[in-house]
Amino acid sequence: MTPHILRKLSDYAPPGLRRAAAGALLDLRGLPARLSDPARRAEPWAFVHNVGDGDFQAVGAQLLRNLRDHAGLQPHHRVLDIGCGNGRVAEQLSPFLRATGGYVGFDISRRGIQACRRRFAHAPHMRFEHLDVWNGEYNASGKVAELDTVFPAAEGSIDVAFATSVFTHMRMSGVKRYLAECARVLKPGGRLAFTAFALEPGRDHSEVFDFQPFEEASAVIDRRYPERAIGHQRPAIEAAAADAGLRIESLLRGAWAPPQEYDGGQDLFVAVRP
């Protein structure tokens, strides 16, 4: 299948096929690097579970830096990875975290979790859980409603939780539930780092993300498949965090629309449980 055909599938196919086609295109682009560097040959294939563009190692390292620099992540912390995908951040966290802390990652993709369990079978401090939560883009056959989601962590057990490119694929009702679960599992003083498209006057669309009104406080790039990419009004995000019992400490604007304030693509929020 040629890259041109894959691009067409990526644009117009239903979510599952579209994401697989887009992942296959990423795999084709990255094949020379895999072949030339033996260390990269064990990296996950994007056609199995596509979590977006970017070098697996470089993007994971960048996200770890952001957690250290902006969320105060330390090696002794217990970490919750919300939407761990194919393990690109887990790859960096595994040697960084001490066994006295540890890691719990969960995802709504069964394939993603299966791949992570195989990849980190040698690391007992790294635990992965599958939650069969519905999502129009990533798990349309999911049996658990977003509003019924319960994170696989005990109350007050987590030092740092993070959700990278998760709320950008969820409607606001689901975001509110996830924020409430974050507040439940965080220790007092624990931090949550999450990314979003935070829409505000003068920064509610860009050349790449042509957001159109969808729900009261949200906008999408594809009305057929809203979860493909969703932006939420910044005041709505901040109000949802406050309602959950979290205090927003900082917001750094990402590269998706100017002005850019840090090296990430989406806007980065850091919140704390008082």
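Any read-out appearing in this document is the output of simple, stated calculations on the displayed coordinates, not a laboratory observation. Remember, it's a predicted structure, so these values are computed and weren't measured experimentally. Ideal geometry is used to build each Cβ from the backbone, glycine not excepted, and the neighbour counts take in all protein chains shown.
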Virtual spin-label span in nm between ARG65 and GLU261, 7 Å along Cα→Cβ: 1.9
Other-chain or far-sequence residues with amide H under 5 Å of GLY190's (modelled H): ARG273
Length-normalised contact order for the range 56-272 - Cα pairs under 8 Å, 6+ apart - percent: 16
Residues whose placed amide H lies under 5 Å from that of VAL144, excluding near-sequence neighbours: VAL133, TRP134
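Compute the length gained on full extension between SER173 and ASP243: take 0.36 nm times their separation in residues and subtract their Cα-Cα distance, giving the result in nm to one decimal.
Details: separation 70, 0.36 × 70 = 25.20 nm, distance 1.24 nm.
Computed gain between SER173 and ASP243 is 24.0 nm.
Write down, largest first, the equivalent ellipsoid semi-axes of the range 59-140 in whole Å, where each equals the square root of 5 times an eigenvalue of the alpha-carbon gyration tensor.
Values: eigenvalues 95, 43, 22 Å².
In descending order, the three semi-axes are 22, 15, 11 Å.
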Formal net charge of residues neighbouring VAL272 (Cβ-Cβ distance under 10 Å; K, R +1; D, E -1): +2
Debye, to nearest 20: dipole size of the range 56-272, +1 on Lys, Arg Cβ, -1 on Asp, Glu Cβ: 820
Shape metrics for the range 126-274, restricted to C-alpha atoms - Rg then Dmax, Å: 15.0, 42
Euclidean distance between Cα centres, the range 87-118 to the range 223-266, Å: 24
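Just subtract the alpha-carbon distance of THR100 and ALA58 from 0.36 nm times their residue separation and send over the number in nm, one decimal. If you can, show how the numbers build up before the last one.
On the way: separation 42, 0.36 × 42 = 15.12 nm, distance 2.65 nm.
In short, 12.5 nm is gained.
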Additional length obtainable on full extension of the chain from ALA123 to VAL150, 0.36 nm per residue less Cα span: 7.3 nm
Phi-based couplings in Hz for the range 222-227 (Karplus 6.51, -1.76, 1.60; Gly and Pro marked x): 8, 5, 5, 10, x, 6
